[in-house]
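Data block below; observations after.
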Amino acid sequence: MQGKDIEKILISKEEITQRCVELGEMLTKDYKEKNPLVVGILKGAVPFMADIVREIDTYIELDFMDVSSYGNQTVSSGEVKIIKDLDTNVEGRDLLIVEDIIDSGRTLGYLVDLFKYRKAKSVKIVTLLDKPEGRVVDIQADYIGFNVPNEFVVGYGLDYAEAYRNLPYVGVLKPEVYQSN
Ligand code: 5GP
Ligand code: MG
Ligand code: MG
């Protein structure tokens, strides 16, 4: 019962579902006849990726990439490392990156530069959450689910020490959860 570790729910399951429908309508319109490659960033974006792609009603392809910048800590190390690269050649492709949250912007800043270097035709970002106060690198998402305050959040893909990714909502942990680690 991991729900007992949650102090408060910031974004409910119903709000996420509704927002995925809205974002899906925008993406369907913007990507009609473009056959974009939708790139999910493992592992945090998995629940959002699964929900959002089912609301996009046009031809798309999926791929995944795993990068790390945080380790198991709650503060960014500032380094970005590729753990798993794409299977697809992105040259000339329209890319839509799906991310769980933008905080410092380092991860996405690195990925956008990388995909431009690899000659993608266009690179856009859809993120479930945006934490604008955390920004260090000047980067913005093209589509944002929700803004969140400068707090560490978990659930719906977001982890603390690899736990809580499967919560169906986004919330804040009780302080004692960190203290017992
Ligand atoms: P950035 O590179 O923008 O600082 O951070 C991006 C990554 O850091 C996210 O994809 C996520 O994995 C992690 N991250 C940033 N803020 C949070 C947060 O509030 N909670 C969790 N669980 N992970 C976060
Ligand atoms: Mg992530
Ligand atoms: Mg993490």
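Exactly one residue among V137, V112, V123 is over 22 Å from V172 (Cβ atoms) and surrounded by fewer than 18 Cβ atoms within 10 Å (Cβ to Cβ), and that residue is V137. Answer with yes or no whether V53 is within 16 Å of D30 (Cβ to Cβ), at pLDDT 95 or above and within 16 Å of ligand 3 (Cβ to nearest atom). No; evaluated as a whole, the condition is false for this residue.
Among residues of region 129-147 being within 14 Å of ligand 2 (Cβ to nearest atom) and closer than 29 Å to S180 by Cα, the one that is farthest from the chain's Cα centre (by Cα) is G134.
D66 passes every criterion in (1) of a type outside the set (V, I, T); (2) free of Cβ contacts under 8 Å to residues at least 40 places away in the same chain; (3) in a loop (DSSP other than H, G, I, E, B) apart from (3). Are any residues in region 31-49 out of contact with any Lys or Arg (no Cβ under 8 Å at 6 or more places or on another chain) and surrounded by 14 or more Cβ atoms within 10 Å (Cβ to Cβ), and if so, which ones? Across region 31-49, the qualifying residues are Y31, K34, V38, V39, G40, I41, A45, F48, M49.
Yes or no, residue by residue, for (1) within 12 Å of ligand 1 (Cβ to nearest atom); (2) assigned to a strand (DSSP E or B); (3) at pLDDT below 95; (4) farther than 16 Å from I41 by Cα:
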residue: K116; (1), (2), (3), (4): no, no, no, yes
residue: K119; (1), (2), (3), (4): no, no, no, yes
residue: V137; (1), (2), (3), (4): yes, no, yes, yes
residue: A141; (1), (2), (3), (4): yes, no, no, no
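Has region 138-148 got any residue that is touching a Pro at 6+ places or on another chain (Cβ under 8 Å) and more than 17 Å from E15 (Cα to Cα)? The answer is no, given that none of the residues of region 138-148 is touching a Pro at 6+ places or on another chain (Cβ under 8 Å) and more than 17 Å from E15 (Cα to Cα).
The values are calculated or read from the model by the stated rules, or taken from the named source; none is laboratory data. Just so it is clear, the model here is predicted, and its values are computed rather than measured. Glycine also receives a Cβ, built like all others from the backbone with ideal geometry; neighbour counts cover every protein chain displayed.
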